[in-house]
1. Determine the per residue accessible area of the chain with all protein chains present and a 1.4 angstrom probe, expressed in square angstrom.
2. Quick one: ranking Tyr15, Tyr116 by accessible area, 1.4 Å probe, largest first, what do you get?
3. Tell me the carbon and sulfur percent of the accessible area for the chain, rounded to whole percent, probe radius 1.4 Å.
4. Kindly provide the helix-only [θ] at 222 nm of the chain, computed as the sum of -39,500 (n - 2.57) over DSSP H runs of four or more divided by all residues, to the nearest 500 deg cm²/dmol?
5. Based on the alpha-carbon gyration tensor of the chain, what equivalent-ellipsoid semi-axes (square roots of 5 times the eigenvalues) come out, in whole Å, largest first?
6. Which entries of Lys13/Lys46; Lys39/Lys73; Lys78/Lys164; Lys78/Lys142 show an alpha-carbon separation above 32 angstrom in the structure shown?
7. Measure out, as a whole number of angstrom, how far apart the alpha-carbon centroids of segment 107-159 and segment 11-29 sit.
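The values are calculated or read from the model by the stated rules, or taken from the named source; none is laboratory data. Just so you know, these numbers come straight off a predicted model, no measurement behind them. These accessible areas exclude ligands, DNA and RNA; they are computed on the full protein's heavy atoms, side chains included. Shrake-Rupley method; radii C 1.70, N 1.55, O 1.52, S 1.80 Å.
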Amino acid sequence: MIFHLKHIDNLRKLYVDQIEHLHSAETQITAALPAMIEKADNPDLKRALQTHLQETREQVSRLEQILREATGKIEPKKNKPIAALVSEAEDMLADSSNEAVRDAAIIAAGQRIEHYEIAAYGTVRDFAEIIGEHTQAALLEKTLEEEKNTDATLNSFSNSANTKADRAA
Ligand SMILES: [Fe+2]
Ligand SMILES: [Fe+2]
């Protein structure tokens, strides 16, 4: 309904809308990570993804806390970019027939997701500050730091993983 799309007429509503989309993003990522963890060959990569799965569950709780405060209900809105990135990640994993290449694919797909999250959380953290929700801003900042750290960790693995993948087959 077009009518439905026009109800966002201030920053607070846009903020809540973005939080609802992020809740969907984190839920989709929580569902997708176990397969990536299982398929990762490098034990350090596996461990880093496992840690991030635990962090992601915590991130879902933070978003739920914010939604409960903001609206009294949790009504996620499907995050289409994350659905596309997760689907791309699944394709990349399915298409990689060598474990070193698969690790390179996991890192590539993972970093795309982290970069989306870094952009999205930076935005909602700023929105929260502007509308005076400083406690919520602090929660979102915590998540933002976790996303940045995960991206940096994946980046630190990428050189050796890509070099190994280059030597494969
Ligand atoms: Fe996340
Ligand atoms: Fe993440």
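1. 54 Å²
2. Putting Tyr15, Tyr116 in descending order of accessible area: Tyr116, Tyr15.
3. C and S fraction of accessible area: 53 percent.
4. Dividing the helical sum by the residues of the chain leaves -30000 deg cm²/dmol.
5. For the chain, the ellipsoid semi-axes come out as 33, 16, 13 Å.
6. Flagged as over cut-off: Lys13/Lys46; Lys39/Lys73; Lys78/Lys164.
7. So the separation of the two Cα centres works out to 13 Å.
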